[in-house]
Amino acid sequence: MASPDSPALRSVHDRAELAAIFLTDPALYAYELGDLDDFFWPYTTWYRRGDDVALVYHGSGEPTLLAIGRPDQVTGLTELLAELLPLLPRQVYAHITAGAEKAVESRFRVEPSGLHLKMALTDPSRLGAGPADAVLLTRVDLPELLELYATAYPGNGFDPRMIDTGQYVGIRRGGALVAVAGVHVWSPAYRVAALGNVTTLPELRGQGVGKAAVTALCHHLAATVDHVGLNVKADNAAAVGLYAGLGFTVVGEYHELMLSS
C-alpha cells in the first residue's frame, strides 16, 4: 500500500509537461516523444506518477501500453502499473521495461513475446553513403507495399496512415519493390523518429538490400530529426548485428506482452 507521501497517479493532457520528461533521454523515449506529435496525439492517453509515465495508444488495431524507463525507475514503474491496472482495456499489447512486467500479472493473463532492445543511432558516421537506387514511397506505392508486407513480413504492425509521413524508403529490383524501411513514429517538432516495418523479400535476405533501405532512410531522416531509435527482439541476432553495424547501440531493454482478462 502506498504511503500518504507517495505521488498520486493522474492523467496528463499537457504535451509540454510530458516533453520535459522525455527530452531528458530522447534516445530512450523516441516513441513517446513521437506520439506527442499532432499526427499521433489524438490517439494517446497518458498517465503519470511522479517522474514515471505510461501511455495507452489507440491509433491502430488493439490498444498498446508503453511503460518505459531507465533501470533505476523499475520500482516507480511497477507502482505506477499497479495503480493503473483498473484503468487499462481488457486486452492490450504492452511494452514494459524489464523488471516491472510482473506488476500486470495480478489482473491479466500474460502471453510474453520476448525480451526486446531499444537501440539508438549514436554513430551516424558508420552509415556510409546512401544507395543511389532508394526511392521515397507514396500512396501510389501502397498496394505494392502491402503485398511486400504480406509476403515478407506477415503480422506486421504497419499502419497505412504512416505512408503519408513521407518517411518510407523502398529499394526496387527490376522495377519490383523488394525491400522497405519505414517509421513507427516521426516528429519533426520534437526531432525524433523510430524506425519500423523494415523488411526484405526472403530470397534477397543476406545480400545487403535491407541494410541499404535502412541506410537511405536514416540519411533522409537526418534533415528533420536529431534522434533515431528502434525496437528489435533481443534474440534476433541478424537484425541486432545489422543495426549495430550501422551505428546503433542498445539504450534499454523491455518485454513485449499480450495482456488479456
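Coordinate-derived values only; no laboratory data. The model shown is predicted, which means the values in this text are computed figures rather than measured ones. Cβ: placed from backbone, ideal geometry, glycine included. Neighbour counts: every protein chain shown.
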Would you tally the residues in the stretch 147-156 being surrounded by 14 or more Cβ atoms within 10 Å (Cβ to Cβ) and under 20 Å from A194 (Cα atoms)? 3
Looking only at the stretch 20-31, which residues are buried (at least 19 other Cβ atoms within 10 Å of the Cβ), out of contact with any Leu (no Cβ under 6 Å at 6 or more places or on another chain) and not in a loop (DSSP other than H, G, I, E, B)? A30, Y31
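Could you list, in sequence order, the residues of the stretch 78-117 that are polar (S, T, N, Q), over 18 Å from V53 (Cβ atoms) and assigned to a strand (DSSP E or B)?
In the first step, residues of the stretch 78-117 are kept if they are polar (S, T, N, Q); the result is 78, 91, 97, 106, 113.
Next, only the ones that are over 18 Å from V53 (Cβ atoms) stay: 91, 106, 113.
Within the stretch 78-117, Q91, S113 qualify.
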Residues of the stretch 218-261 being touching a residue at least 12 places away in the same chain (Cβ under 8 Å) and in a loop (DSSP other than H, G, I, E, B), which ones? A222, T224, V225, D226, A234, D235, L246, G247, S261
Can you tell me which residue is farthest from V185 (Cα to Cα) among those in the stretch 58-83 that are touching a helix residue (DSSP H, G or I) at 6+ places or on another chain (Cβ under 9 Å) and surrounded by fewer than 19 Cβ atoms within 10 Å (Cβ to Cβ)? A82
Has the stretch 172-183 got any residue that is surrounded by fewer than 15 Cβ atoms within 10 Å (Cβ to Cβ), on the phi > 0 side of the Ramachandran plot and in contact (Cβ under 8 Å) with a residue 12 or more places away in the chain? no
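G196: assigned to a strand (DSSP E or B) and within 28 Å of V74 (Cβ to Cβ), yes or no?
Numbers: assigned to a strand (DSSP E or B): yes; within 28 Å of V74 (Cβ to Cβ): yes.
Criteria met by G196.
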